[in-house]
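Just so it is clear, none of the values below were taken in a lab; they were calculated from the coordinates. Computed from a predicted structure; not experimentally measured. Glycine gets a Cβ as well: all are built from the backbone with ideal geometry, and neighbour counts include every protein chain shown.
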Amino acid sequence: MWFRPIILLESINSSLLILNCRSTTPQQWEDFSRYNKERAEAEMAASTRLREAIHHTLHKTENDLEAQRIASEYAFRRRIHEFERAKDELEWQKKNVSEYLCLTIHEEAKVKNTFPCTKFTIRLLLKVEV
């Protein structure tokens with residue numbers, strides 16, 4: 001965009017033109033134009049640096065979020081695996097305890113020669129699911 005110096009032309013009649021006192025010299029015009037050009041170039045450079053900084057920040061944030069996502073997924077998978085192992089262990093212990101109780105009750109019944117019930121009935125009495 002070109003700077004146009006302020007020159008007001010007033011026409012009293014078509015042959016007479018009067019210049020306003022706010023007119024500029026060619027040197028002033030050139031100096032002001034050079035100043036505006038340098039200021040515009042400085043602003044463009046600052047804008048470029050800011051754009052690069054924003055891009056860098058966005059890229060770093062994206063990488064950080066991706067690393068957090070991977071770490072979270074790993075932690076969830078590990079925790080799920082731990083829960084599954086604990087659940088399997090508890091189910092195994094429950095099965096062993098219920099079998100032990102059934103055998104113990106059955107053995108006591110043999111010793112007493114009473115045979116009150118079958119294993120199935122014992123399990124129902126103990127309210128243990130196998």
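Residue-wise HN-Hα couplings along the stretch 65-74, as the Karplus relation 6.51 cos²θ - 1.76 cosθ + 1.60 with θ = phi - 60° gives them from phi, are 5, 5, 5, 5, 4, 5, 5, 5, 4, 4 Hz; Gly and Pro carry x. If I model a spin label at A45 and T104 as a point 7 Å from the Cα along the Cα→Cβ vector, what separation in nanometres do I get? Here the answer is 8.7 nm between the modelled labels.
How much length would be gained if the chain were fully extended between E89 and E38, taking 0.36 nm per residue of separation minus their Cα-Cα distance, in nm to one decimal?
10.8 nm
Computed FRET efficiency, Cβ-Cβ of R78 and K112, R0 41 Å: what is it to the nearest 0.05? Efficiency at R0 = 41 Å is approximately 0.20.
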